[in-house]
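Here, each number is a calculation from the coordinates, and none is a lab measurement. In this text, all values refer to a predicted model and were calculated from it rather than measured experimentally. All Cβ positions, glycine included, derive from the backbone under ideal geometry; neighbour counts span all protein chains shown.
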Amino acid sequence: MTRNRRITFLIPLLWGVLASAGISQSMYFGVKAGPTIAFQQWSGYQQSNPLLALHLMGHLESYGEGSSFFLNAGINPKGRGLRFNDYVSPISGRVVRGGYSRIVFKNAELVAGVKKYYDLNDSFEWFYSFGIRGSYTYGTEFGDISYLNTNGVRKWNYGVSAGGGIRLVSNEFFRPMLHITFSPDLSQQVYIPPQELATPSGNRYSLPEQEIRNISLEIGITLQFLRKVVYE
């Protein structure tokens, strides 16, 4: 089984185990999905663009009034689009034409946190949330960035998430919600120390230090279904 397939299998398995742990109490379960707008800052590039990707996560949330605990587990890619101008290669002396590279870190992510709900009207309530995140990088795409390789990639990362949104509450057993979440990493996805290299002719040149953290904005919809336990 390939690494990507193992990760794809592990996420729903983990989510299923966590769901079974709360089988004796009422809780919401469902799926969370939508676009992720990912940002990173790279040294030495004149223009940098956000990366647009999609996240897909299983969702659990405690049942109650006013506040709740939640858990999300799934796939949430991070990265950056990089544009660079024409430059002269210090190795060959030739002009290298500028272009665009799509840098993707394929991350499996687990988020645990709390939500606070407030009534908006008879049909909707608004909420804010805060959570802590852990992620594992199971694959990468580096485009045309030749000096970046997996040696500089940190596999395990952590960060926080904060956001808010609205939830439809007219049906107790099905409650879709729209949310926006800001998720900065506290750890470094990539660290490459400054490098001093030499061309075949003996000339020396430097590559700048890269110390890269992920920042993302997630806009999505969560579909919640209530599993309600009634004690007699």
Task: Residues whose placed amide H lies under 5 Å from that of His55, excluding near-sequence neighbours - done: Gly34, Thr36
TODO: Would you mind ranking Phe182, Phe105, Phe142 by Cβ crowding within 10 Å, fewest neighbours first?
DONE: Phe182, Phe142, Phe105
TODO: Run the quick spin-label model on Leu178 and Tyr136: label points 7 Å from Cα toward the beta carbon, then report their separation in nm to one decimal.
DONE: 3.5 nm
Task: Rounded FRET efficiency, nearest 0.05, which uses the C-beta distance separating Ile37 from Ser187 and R0 of 25 Å - done: 0.80
TODO: Return the subset of Lys106/Lys228; Lys32/Lys106; Lys32/Lys115 for which the Cα-Cα distance in this structure is over 25 Å, preserving the input order.
DONE: Lys106/Lys228
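Taking R0 as 22 Å, what FRET efficiency do you get between Lys228 and Ser170 from their Cβ-Cβ distance, rounded to the nearest 0.05?
Values: r = 16 Å, r/R0 = 0.74.
Calculated transfer efficiency: 0.85.
Of Phe173, Phe70, Phe225, how do they rank once you tally other Cβ atoms within 10 Å and put the fewest first? Before the final figure, lay out each step's value.
Numbers: Phe173 10, Phe70 20, Phe225 14.
Starting with the residue having the fewest Cβ neighbours, the order is Phe173, Phe225, Phe70.
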